[in-house]
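This report refers to the structure that appears directly beneath it.
Read-outs throughout are calculated quantities, based only on the coordinates presented, and are distinct from any laboratory measurement. Computed from a prediction, not measured in an experiment: that's the story for all the values here. Glycine gets a Cβ as well: all are built from the backbone with ideal geometry, and neighbour counts include every protein chain shown.
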């Protein structure tokens, strides 16, 4: 262990899953002003973390896999932003699904380390593929109405991150757009989430996002999952996909807008005001 602006720390931490495939974001560990530059920690045993404090940030990893990040202040550090920028550049350059995409790859994501709200949808539609702007279509207009935000706020990456389950337009099938490609989440999702340490609310828009994030907690139908939103709050709020194709669903479930949307808007307004 060198002495150049670095010091060892052994810290007892509750409720951290140390399995390499899991990612967890934790809360403050106090004032780390005397720390140095790039954070790196190695996890030894559950409940015990030993490593180096640097740049007011503690990163816990198992081998090559980051399993937790703790920051000592409410603001994302400059190193967080730089790390995320590098990752976003890699995501946007990804060609893993190229042979399966009818219009070729064009990953569409939006994120900044300071964001407190995350929107997880399905995959870009045809219009979004052409513009490169997430939710730049009638579905997006309805979603922004549900959230109670305008375009200026919605496209402010420092406040709202937008990461769909699939990052490229998957093409069309008999019943509409094809499902999102699985490669995106497999290759990139955990890495992106690990660099968004301040997210407090994640909107799960549609069945694919709900299946991934809620797992066995998801109800038998999307309607049941949506009406049970309070079971997943405050971390998650499940929503139906706002596509015009789902207008019959909205007509059958008008109570959704009356019961959930006022709570959703209040929660979003409170987070944006901080």
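Any chance you could check the Cα centroid distance between the range 238-274 and the range 185-215 for me, in angstrom?
19
Arrange the peptides 146-159, 214-227 so that the one whose residues have, on average, the most other Cβ atoms within 10 Å appears first.
146-159, 214-227
Report the extension gain between residue 191 and residue 150 in nm, rounded to one decimal, defined as 0.36 nm multiplied by the number of residues separating them, less their alpha carbon distance.
Computed gain between residue 191 and residue 150 is 11.9 nm.
Once you put a point 7 Å from the Cα of residue 183 and another 7 Å from the Cα of residue 252, both along the Cβ direction, what distance in nm separates them?
3.5
Tell me, in nm to one decimal, what length is gained between residue 273 and residue 98 on full extension, where the rule is 0.36 nm per residue of separation less the Cα-Cα distance?
Length difference between fully extended and current span is 58.9 nm.
Give the shape of the range 79-272 as rounded, prolate or oblate, defined through the alpha-carbon gyration tensor: a ≥ b ≥ c are the square roots of its eigenvalues, a/c under 1.5 means rounded, and otherwise the shape is prolate if a/b is larger than b/c and oblate if not.
Because a/c hits 1.5 or more and a/b fails to exceed b/c, the range 79-272 counts as oblate.
Can you order the peptides 160-170, 87-97 by their average number of other Cβ atoms within 10 Å per residue, highest first? List each step's numbers first, then the result.
Numbers: 160-170: 25.4, 87-97: 15.0.
Ranking, from highest mean packing down: 160-170, 87-97.
Using Cα pairs closer than 8 Å and at least 6 residues apart in sequence, work out the relative contact order for the range 94-217, in percent.
38
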